[in-house]
Amino acid sequence: MLKTKVAVLLATGLIAGCVDAQNTETAIRKNIEPRLGGAKIDSIKETPYSGLYELRVGGDILYTDKKAEYLFIGQVFDAKSSKNLTRERIDQLNKVKFSDLPLNLALKQVKGDGKRVIAVFEDPNCGYCKRLRATTLAQLDNVTIYTFMYNILSPDSFEKSKNIWCSPNQVKAWDDWMINGKVPTAAPSSCETPNDKVVELGHKLNIQGTPAIFFTDGSRIPGAVDLKTLEAKLESLN
């Protein structure tokens with residue numbers, strides 16, 4: 001009989017806990033989402049930081065209290081270690097399974113022994129991508145680079161990517177354009193490209209800008225990093 005009563009009490013507590021969590025999530029969505037300019041909250045998670053709740057909105061993390069009376073936009077640091085807890089959480093959420101990337105949709109360039117592997121999302125009209133290509137990737141050796149032509153800046157990006165994809169030597173055509181400014185030859189109208197699939201992939205991976213570099217451990221670096229930073233990251237994966 002005692003065991004039965006304990007079981008009932010435990011079950012009641014669990015149910016009450018679930019109801020409380022659901023009520024909190026409902027209140028947060030009701031009070032916060034109207035303040036987000038049309039954006040939706042993807043997930044809500046209680047944190048160990050003084051009663052704050054983590055709100056994941058696209059690639060961003062916001063915080064609120066249990067009653068959703070306040071909205072905190074910023075980063076949380078551990079005061080003792082100076083760790084950026086928000087940055088760590090975003091990096092965790094943004095991790096991908098590298099082996100799941102559809103590499104057949106990318107240009108493949110092998111340099112040296114090709115043992116180190118990265119995937120890069122670039123727009124052909126992106127100035128930062130051109131700088132990354134010319135000052136960093138061109139200097140990198142013993143690496144295999146998969147380049148996804150991620151067209152997000154203009155309709156002309158789609159046109160240039162099509163011309164490059166349909167070139168006899170895709171990698172040369174890409175480097176000729178990105179590094180030397182040589183316009184690729186117009187592609188036949190019958191040539192099919194993965195342009196739309198790459199855009200869909202980029203949205204799925206929450207890539208909001210170019211360039212973006214992905215590594216075999218699933219992590220990513222946004223932006224045009226220098227050679228020293230990229231080499232250090234690759235070295236850390238060995």
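No value in this document is a laboratory result; all are computed from the given coordinates. Only a predicted model underlies this, so the values are computations on that prediction, with no experimental measurement involved. Neighbour counts are summed over all protein chains in view; Cβ atoms, including those assigned to glycine, are modelled from backbone coordinates with ideal geometry.
The table below gives the values:
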read-out: Placed amide H near residue 77: partners under 5 Å, 5+ positions off or other chain; value: 85
read-out: Length-normalised contact order for the stretch 31-93 - Cα pairs under 8 Å, 6+ apart - percent; value: 20
read-out: Dipole magnitude (debye, nearest 20) for the stretch 31-93, charges at Cβ of Lys, Arg, Asp, Glu; value: 60
read-out: Residues residue 110 and residue 72, FRET efficiency given R0 of 41 Å [Cβ-Cβ distance, rounded to 0.05]; value: 0.30
read-out: Least to most buried among 24, 185 (fewest other Cβ within 10 Å first); value: 185, 24
read-out: Neighbour-count order for 191, 126, fewest beta carbons within 10 angstrom listed first; value: 191, 126
read-out: Karplus (6.51, -1.76, 1.60) ³J(HN,Hα), θ = phi - 60°, over the stretch 132-139, in Hz, Gly and Pro reported as x; value: 4, 5, 7, 9, 10, 5, 5, 8
read-out: Loop-located GluC sites (Glu not before Pro) in the stretch 181-238 whose Cβ has at most 10 other Cβ within 10 Å (DSSP); value: 192
read-out: Options [x] 12.7; [y] 19.0; [z] 13.9 - which one matches mean projected area of the Cα convex hull in nm² as calculated here; value: [y]
read-out: Computed lengthening from residue 185 to residue 57, 0.36 nm per intervening residue step minus Cα-Cα distance; value: 42.0 nm
read-out: Separation of alpha-carbon centers, the stretch 47-115 and the stretch 121-189, rounded to whole Å; value: 28
read-out: Selection of trypsin sites (Lys or Arg not before Pro), the stretch 130-226, meeting DSSP coil and at most 16 other Cβ within 10 Å; value: 182
read-out: Proximal aspartates and glutamates relative to residue 182, as straight alpha-carbon distance under 16 Å, when same-chain residues fewer than 8 apart are discounted; value: 123, 156, 159
read-out: Selection of GluC sites (Glu not before Pro), the stretch 32-81, meeting DSSP coil and at most 13 other Cβ within 10 Å; value: 69
read-out: Too-long pairs where the Cα-Cα distance tops 20 Å, listed order kept, from 95/233; 160/197; 97/197; 130/197; 97/204; value: 130/197
